[in-house]
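Taking it in order: structure first as structure tokens, then the write-up.
The values are calculated or read from the model by the stated rules, or taken from the named source; none is laboratory data. Bear in mind that the values here come from a model prediction, so they are computed numbers and not experimental data. No Cβ is skipped: glycine too gets one built from the backbone with ideal geometry, and neighbour counts run over all protein chains shown. SASA here: full protein model, heavy atoms, side chains in, ligands and nucleic acids out. Shrake-Rupley method; radii C 1.70, N 1.55, O 1.52, S 1.80 Å.
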Amino acid sequence: MTGAPDTPGASGSPGAGRSEQADRARTDRQVRAVRIGPRSAAALGIVSAIGVAAFGWPLLADSASGLAHSGDAPWLFAALLPLLLAVAVAAVADTGLDAKAVAMLGVLAAAGAALRPLGAGTAGLEPMFFLMVLSGRVLGPGFGFVLGAVSMFASALLTGGVGPWLPFQMLSMGWVAMGAGLLPGPHSLRGRRELALLAAYGAVASVLYGVVMNLQGWPFISGLAGGISHVPGDPLEVKLAKFAAYVLATSLGWDLPRALLTVVLTLTVGGTVLRALRRATRRAAFDAPASFTGAPFARSEGGNAES
């Protein structure tokens, strides 16, 4: 006596029902196209720690510090860029970045690089933030970090924005996309609640990106008013007050429109983009184990390769 099929379908077979359930399960869970293994996690931790120090030294360095002059900016550029590249190399060595992941990385990085110039010079409108947040959500924090850094590097080459600020932009965008991959409910949260979460995160990340990048340029801009200029010997609370005034006077008018655009794009077309990304990653089958089968003529007795 046989039992009823687990899931009714056109074929009525249990195998078809189980296959559909498996497909839905693969769609619902977050894909880790680049897993963070021990070596890549260590490299990412080192890069992030050095990045925090590189961004935060204006608030901590005193007048006697060797960092209290702009001549060190090229050294920070030379130190950060190889470390950023080491994260990608460590990810490849630790987990193996296969051809499918490389292809996905190339397509999304090219799309992000193409989106950035669309808002250049227009009140800080940068639609690439929306794509980085959604891609990090779908493909995981490891892929998100590499995607954010590579996309920013590619967009700098496209727009001619190469300079000592580039590694800071790469690191900051890597953090933005990686943070999206670390948001709660990657396997279960869907629909409007997920879009609301991503929109809120995108807004906060867009503003924080501008604030963090201000730390990189604040000490090196001359001719500022005394109330907002960086003075290495000031107490920490005075530096914080001056930096807050500097942000309000310079970049907040760019950061808020960037955050607003990210929210609008996420809530309007975010669902469509998420479905497209999940469909593409499901078809890529990053987690599928590799299997090898023999050639057909080798399996048949008396087979002839020439026939």
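Remarks
- The figure for Leu252 is an accessible area of roughly 50 square angstrom, using a 1.4 Å probe on the protein chains alone.
- Ordering of 236-246, 145-155 by packing is 145-155, 236-246, highest average first (other Cβ atoms within 10 Å, averaged per residue).
- Shown here for the range 117-192: trypsin sites (Lys or Arg not before Pro) in loop regions (DSSP other than H, G, I, E, B) with at most 15 other Cβ atoms within 10 Å, namely Arg190.
- Computed over neighbours whose Cβ is under 15 Å from that of Thr268, the net charge equals +1, Lys and Arg +1, Asp and Glu -1.
- Accessible area per residue, Å², the range 103-193 with all protein chains present, probe 1.4 Å: 34 Å²
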